[in-house]
Amino acid sequence: MSHPLQLSFVASAKRLADLPPSPSEVAFVGRSNVGKSSLVNALANRKQLARVSNTPGRTQSINLFVLPDGATVVDLPGYGYAAVPTREKRQWGPMIEHYLLERDCLQALLLLVDGEIGPTKLDLQMLDWVREHRITTVVVATKLDKVKPSRLAGRKQQVAAACRLDEGDVLWVSASKGTGIDALRSQVRTLLALAD
Ligand code: GDP
């Protein structure tokens, strides 16, 4: 097993201007309930680092974590949750766009899609948008353990095709079972250019 990412919570911000500077950063984004908090916790091997929320979409702020060498990992608020008040939904787009376009230290975005249900329309819109803006993006398919083994090969093909990627370019993970977590940790370290 690779070492867990030693993430420490630093800040929760509503605006890019309120985030501390960083030498190198990666960010996680995805639809609410995609398993983002569980994944951040799994990467750090901590249970409560990013709160696994029972009311998805409640945390509408940018959460920033730091690694011992100063590089940072950002947990962006989830999109597409029906119960979020309209006013907050309207704020999501400008806040995230501003972060993605102006955060100079951002090395890559990790875009989470639910492996059990495949990419949604919103996921594909997000992917189009980041491609249009030439933001380096890695697609991570979550909840691998929820896909029946007999369906896995087909599902992997389907997710890659929907995202217009080669199958090998989608990272499949299960936060519950720990599958793919080592590979994702090394991907994050590579993107941040940290020593393993
Ligand atoms: P977030 O809203 O994207 O932060 O998603 P959460 O991490 O809060 O997870 C949403 C729900 O999916 C919770 O009920 C989690 O227990 C569940 N979940 C997250 N990751 C996995 C996984 O890898 N496997 C399974 N089976 N469930 C998961």
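How would M95, M126 line up from fewest to most surrounding beta-carbon atoms within 10 angstrom? Can you show the working numbers first?
Numbers: M95 20, M126 23.
Sorted ascending by nearby Cβ count, the order is M95, M126.
Along the positive direction of the dipole of the chain (beta-carbon charges: Lys, Arg +1; Asp, Glu -1; about the Cα centre), which of P94, L76, N33 reaches farthest?
Going by the Cα projections, it comes out as N33.
Please list, in chain and number order, the residues 5+ apart from K143 or on another chain whose amide H is under 5 Å from its amide H, with Hs placed from the backbone.
HN-HN under 5 Å from K143: G115, V173, A175.
Which entries of K14/K148; K47/K121; K121/K143; K14/K146; K14/K177 show an alpha-carbon separation above 27 angstrom in the structure shown?
On the way: K14/K148 39 Å; K47/K121 31 Å; K121/K143 19 Å; K14/K146 33 Å; K14/K177 32 Å.
Beyond 27 Å: K14/K148; K47/K121; K14/K146; K14/K177.
About its Cα centre, what dipole magnitude does the chain give when the only charges are +1 on Lys and Arg Cβ and -1 on Asp and Glu Cβ, stated in debye to the nearest 20? The partial results should precede the final answer.
Values: 25 positive and 19 negative charges, 155 e Å.
The dipole of the chain has a size of about 740 debye.
Once a ≥ b ≥ c are taken as the square roots of the eigenvalues of the Cα gyration tensor of the chain, is the result rounded (a/c under 1.5), prolate (a/b larger than b/c) or oblate (a/b not larger than b/c)?
Working: a/c = 1.40, a/b = 1.15, b/c = 1.22.
Here the chain falls in the rounded category.
Please report E25, E97 as a ranked list, fewest other C-beta atoms within 10 angstrom at the top and most at the bottom. Display every interim value, and only then the final one.
Numbers: E25 22, E97 12.
By the 10 Å Cβ count, ascending: E97, E25.
For the chain, give the share of DSSP beta bridges that are antiparallel, in percent and rounded to the nearest 5; count only bridges with both residues there.
Working: 9 of 29 bridges.
Counting DSSP beta bridges with both partners in the chain, the antiparallel share is about 30 percent.
Every number in this text was worked out from the coordinates using simple rules, so none of it is lab data. Being a predicted model, the structure only gives us computed values, none of them experimental. When we count neighbours, we look across all protein chains shown, and the Cβ atoms used for this are built from the backbone with ideal geometry, even at glycine.
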